[in-house]
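Data block below; observations after.
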Amino acid sequence: MNTSSLIQTLKAGQVIAYPTEAVFGLGCDPLNQSAVQKLLVLKQRPVEKGLILIAPRLAFLLPFIDETQLSEADWQRLQTPTASPTTWVVPAKSSVPRFLTGQFNSIAVRICTHPAVVELCENAGFALTSTSANLTGLAPCKTAVEIRTQFGEDFPLFDAPVGGAENPSEIRDLLTNQLFRKG
């Protein structure tokens, strides 16, 4: 699909597959509860786990972050590029829906400058949900062919290569630096 069709698909409350730094992700408009529900059903993912949001710029993620709980050093760490993709768990604003945060008072966010993510977010005007593109029990997709094999020929797909990262993002708590998932 071309970018404008993918943007229309996102704005219509559907889920798409798109390349990230290491694997393809499944994404939708994070504030569209129906779209997020479709994503959770597709992944067979319990809502309690919460979701990652990605965007090319912090401005797209600010509506979800409780800025009052971050120090200057936290802001610096959040915005400093890392050697490998890093997702930061940050305090969520109380207004962030539970279908995004799950059982937590935090939300996982990542600044991602992969060209596909930049193009999608800049044209859609919002951050994307990001969970690995794979059906339960299967490995995350690294190619468009794998997306079509797992999700079907007609699944909305941004057909471009994934980035050069070896593994999906590391996940860390921004305030404590606790490691939740090794990258």
Exercise for the section: Six or more apart or on different chains, Cβ under 6 Å: which pairs go from a residue in the range 34-53 that's in contact (Cβ under 8 Å) with a residue 12 or more places away in the chain and under 20 Å from I171 (Cα atoms) to one that's of a type in the set (F, W, Y) and not in a strand (DSSP E or B)? Could you list them? Expected result: V47/F99; G50/F104
Practice task
From the list T68, T80, T87, pick out the single residue that is surrounded by fewer than 21 Cβ atoms within 10 Å (Cβ to Cβ), within 22 Å of K182 (Cβ to Cβ) and not basic (K, R).
Solution key: T80
Fill in the blank from the handout: Of those in the range 79-103 that are at pLDDT 95 or above and part of a helix (DSSP H, G or I), the residue farthest from the chain's Cα centre (by Cα) is R98
Practice task
Can you tell me which residue among T149, T136 is of a type in the set (S, T, N, Q), over 22 Å from R57 (Cβ atoms) and free of Cβ contacts under 8 Å to residues at least 40 places away in the same chain?
Solution key: T149
Completion exercise
Filtering the range 54-88 down to residues that are among the charged types (D, E, K, R), more than 21 Å from F126 (Cβ to Cβ) and touching a residue at least 12 places away in the same chain (Cβ under 8 Å) yields D74, R77
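How many residues does the range 46-75 contain that are among the basic types (K, R) and farther than 22 Å from F99 by Cα?
Initially, the range 46-75 is screened for residues among the basic types (K, R), giving 49, 57.
Next cut, farther than 22 Å from F99 by Cα only: 57.
Total satisfying the criteria: 1.
The values are calculated or read from the model by the stated rules, or taken from the named source; none is laboratory data. Values in this document were obtained by computation on a predicted structure and should not be read as measured data. Don't worry about glycine lacking a Cβ; one is built from the backbone with ideal geometry, like all the others, and counts go over all protein chains shown.
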